[in-house]
Amino acid sequence: MLFRSGTSFMILQIVGYKKSGKTTLMRHIVSFLKSHGYTVATIKHHGHGKEDIQLQDSDVDHMKHFEAGADQSIVQGFQYQQTVTRVDNQNLTQIIEKSVTIDTNIVLVEGFKNADFEKVVVYRNEEELQVLQQLSNVCYSINVREHEDFTAFEQWLLNKIKNDCDTQLT
């Protein structure tokens, strides 16, 4: 749990190697938690070394502002807001503290293996599992390709959320 301005939220990392099913699990978790009334923020680690992310096309006005040198450009639509910010590489805690700007129950993180939050390991084979189990704070592991039915994981997740909230209240 992380606390900010009198509120707290759970942080759960989804980690594994490329093409292991992390994004598949993330999408499932987001849909599942939303169906249970939770507010969810997600963070994705690009994970491609010094290669930067690809930004939106410069044909849109807010990207023209950004390309002209703005340090941050924000566009507001009817129900969506998009922000692009120039910032040096930050660690996960810095990203959460500075960039998660909504009141949320849960922050789901895809990647950032070396961060120190609780983790769900997604693996393809026993060799990957053995290596990934060495990471800090591993609390669940799943082979997404073998588990098309996520019922056991969903039950574990709901219990984890309940237990984390109960711990916070005591």
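Of the beta bridges in the chain, as assigned by DSSP with both residues counted there, near 30 percent are antiparallel.
Computed over the chain, the P(r) tail beyond 30 angstrom holds 24 percent of alpha carbon pairs. Per-atom-type breakdown for the chain gives carbon and sulfur 47% of the accessible area (1.4 Å probe, protein chains only). Once each of the GluC sites (Glu not before Pro) sitting in a DSSP loop with at most 12 other beta-carbon atoms within 10 Å is removed, the chain keeps 52-145 as its longest stretch. With 0.36 nm allotted per residue and the present C-alpha distance subtracted, the Lys18-Cys139 stretch has 41.5 nm of extension available.
What range in the chain is the longest one free of chymotrypsin sites (Phe, Trp or Tyr not before Pro) that are in a loop by DSSP and have at most 10 other Cβ atoms within 10 angstrom?
So the longest stretch without any such site is 81-170.
Figure note: Arg27, Arg124, Arg86 ranked by solvent-accessible area, largest first, 1.4 Å probe, ligands and nucleic acids not counted: Arg27, Arg86, Arg124. When the charge dipole of the chain is built from unit charges on Cβ atoms (+1 for Lys and Arg, -1 for Asp and Glu) and taken about the Cα centre, the candidate among Leu92, Ile74, Phe150 whose Cα reaches farthest toward its positive end is Phe150.
In this view, the solvent-accessible surface of Thr42, computed with a 1.4 Å probe and all protein chains in place, comes to about 80 Å².
The values are calculated or read from the model by the stated rules, or taken from the named source; none is laboratory data. Nothing here was measured: the structure is a model prediction, and the numbers come from that model. So basically every Cβ, Gly included, is an ideal-geometry build from the backbone, and we count neighbours across all protein chains shown. Quick note on the areas: whole protein, heavy atoms, side chains included, nothing else; ligands and nucleic acids left out. Shrake-Rupley method; radii C 1.70, N 1.55, O 1.52, S 1.80 Å.
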